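Notes follow the structure.
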Ligand SMILES: [Zn+2]
């Protein structure tokens, strides 16, 4: 388990988010004599309370040191304190096993080669996407997931240039792959073989604002209106252009978007609707688009997905996404499916670090 955030039902309690590096607590500056005569410092921001709540939620309360245990008891007894047991609970996520691929800091030298599929593969000779380029800015680079096959890097440049001709904004590029691809420790199942890239729909006004306004856990806004049936007022021609340019790019295999986005385009696109075929509806993807490229011809060990079905996809297969069945989460089988092992060539790529 890992803590995500600590929230309360009282507006006075400020939500605490756990960044990957931990949380910051302000150390007390003022001093106050306690009954024992010791000169303790405090500043009243609630450090002890927060620590006690974290321990409580992680069910390790009984192991607390005596001072914190007392603070916690005082807190839960205090009638004036509205934030009771009901308050908080740490939202916990399953602790994802750290992937050894996430620790590899350098790309594998040699010619670019894609090995395996998007959810079970790796990449040699990857290139790093620069922090900025014509029409784009790469964000959250501390994750070190800005590497891809040269085709993927070229695609980002092509899209940035195309967009910059029509809009004044910058395209915000999210995760590509790790330096040698492979499984990540969090967030994505795919993005493993250097052929996937996420691009946020919202455009940034500058590289600086893109990075300042979107730290971890503050994603750019969704394009789907509350209720999940229509697009909101943030959707416009730049977003349509991003999808159309991506889908028409000869190296792109598929463009994954929220079903509401696909349906809106199915309803409004006139003339050549051929590009809608590559737009594949999937859960999420309402704030960013996931673009997947085709296997490069020079990578015989790349595993290519079957092409999208013929036609524009504005049919029953799209209607299903709005059915009751789609809204009900499928019951997960209790048996955990064994993950297929990574291709042997990937193991060699990892051990060659
Ligand atoms: Zn993605």
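Odds and ends about this structure:
- Just one of the listed residues (256, 261) is in the same structural domain as residue 187 (by TED's automatic domain parsing), in a helix (DSSP H, G or I), within 15 Å of the ligand (Cβ to nearest atom) and crowded, with 21+ Cβ neighbours inside 10 Å, and it is 261.
- Residue list for the range 175-190, restricted to those being touching a residue at least 40 places away in the same chain (Cβ under 8 Å), in contact with a helix residue (DSSP H, G or I) (Cβ under 9 Å, 6 or more places away or on another chain) and buried (at least 18 other Cβ atoms within 10 Å of the Cβ): 176, 177, 178, 179, 180, 181, 182, 183, 184
- Of 292, 267, all but one fail to be assigned by TED's automatic domain parsing to the domain that holds residue 214 and more than 19 Å from residue 190 (Cβ to Cβ); the exception is 267.
- For residue 281, the conditions (1) within 16 Å of the ligand (Cβ to nearest atom); (2) closer than 19 Å to residue 266 by Cβ; (3) touching a strand residue (DSSP E or B) at 6+ places or on another chain (Cβ under 6 Å) all hold with the exception of (3).
- Residues (away from the ligand (no atom under 16 Å from the Cβ) and either surrounded by fewer than 14 Cβ atoms within 10 Å (Cβ to Cβ) or within 16 Å of the chain's Cα centre (by Cα) (or both)) located in the range 203-215: 205, 206, 208, 209, 210, 211, 212, 213, 215
- Of everything listed in (1) away from the ligand (no atom under 16 Å from the Cβ); (2) in the same structural domain as residue 162 (by TED's automatic domain parsing); (3) surrounded by fewer than 18 Cβ atoms within 10 Å (Cβ to Cβ); (4) over 22 Å from the mean Cα position of the chain (by Cα), the single unmet condition for residue 226 is (4).
- Filter pass, residue 307 being surrounded by 13 or more Cβ atoms within 10 Å (Cβ to Cβ), in contact (Cβ under 8 Å) with a residue 40 or more places away in the chain and not in a strand (DSSP E or B): no
- Residue 198 meets the conditions (1) farther than 17 Å from residue 254 by Cβ; (2) within 16 Å of the ligand (Cβ to nearest atom); (3) at pLDDT 95 or above in every case but one. The failed one is (1).
The values are calculated or read from the model by the stated rules, or taken from the named source; none is laboratory data. These numbers were taken from a predicted model, which means no experiment stands behind them. All Cβ positions, glycine included, derive from the backbone under ideal geometry; neighbour counts span all protein chains shown.
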